[in-house]
Amino acid sequence: MRHRFPGQLQRYVREAFEAPFAANGAELVAGPDLASAFTPAALAAVVGLTADGFRGSLVLALEADTLAATHPLVMADPSATVEAKMLADWAGEIANLAAGHLKSLLMSHDITVKISPPSVSAEADGTLAQYIASKPSQQFWFSVEGHPLCCQLSVEIAPRYDFEAA
């Protein structure tokens, strides 16, 4: 179900996804819903988030072109070619890095999150829809290197956690 999380948690999600791209010299630019520029063949990487009173997933959906443009090998050598297997691995790594960064930000709220290893699928639309149907979810749309990507937080949060107070 579509949801709008508290402002502080929204900032955490944005910061968590900006970090892996910035580390490789790519800028993540927040934008409007770019779903119309997104193809159904995009990849999705999912990382589970589990803590007492905080359970859900972080989903990254992006095109193979986006992965190729931001892959560390290509950032170091623009003439480099990246295989599909390497792109899927990079999608999982970005999601994992973002989950780790989000985990560190949540510690200021006394939330110690366990993160699962990322899983990657070739059906981003179906993956995003599946998580929206199961838990409160908010999508965050960005572009990086001119390509659209979607970050989605799908999580149930205990009322005791106040993200507006931080």
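Read the figures in this text as sums done on the coordinates, not as results from a lab. Computed from a prediction, not measured in an experiment: that's the story for all the values here. With ideal geometry, Cβ positions are generated from the backbone for all residues, glycine too; neighbour counts draw on all protein chains shown.
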For this session: Give a residue-ordered list of calculated ³J(HN,Hα) values for region 61-73 (Karplus: 6.51 cos²θ - 1.76 cosθ + 1.60, θ = phi - 60°; whole Hz; x for Gly, Pro).
Result: 10, 7, 7, 4, 4, 5, 4, 5, 5, 10, 4, x, 5
Problem set entry | For the chain, size of Cβ-based charge dipole, Lys and Arg +1, Asp and Glu -1, in debye | 540 debye
Exercise. What's the Kirkwood radius of region 7-157 in Å, using all Cα pairs?
Worked result: 15.3 Å
Seminar exercise, completed: Of 78-88, 112-122, 145-155, ordering from highest average Cβ density within 10 Å down gives 145-155, 112-122, 78-88
Exercise. Which helices count as membrane-span-like in the chain under these terms: full DSSP H, at least 18 Å along the axis by C-alpha, Kyte-Doolittle mean of -0.5 or more?
Worked result: 7-22, 84-106
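Counting each DSSP H run of 4 or more residues in the chain as -39500 (n - 2.57), what helix-only mean residue ellipticity at 222 nm follows after dividing by all residues, to the nearest 500 deg cm²/dmol? Write out the running numbers ahead of the final one.
On the way: 5 runs with 62 residues, N = 166.
So the calculated ellipticity at 222 nm is -11500 deg cm²/dmol.
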Exercise. If you average 1/r over all unlike Cα pairs in region 34-115 and invert the result, what Kirkwood radius do you get in angstrom?
Worked result: 14.1 Å
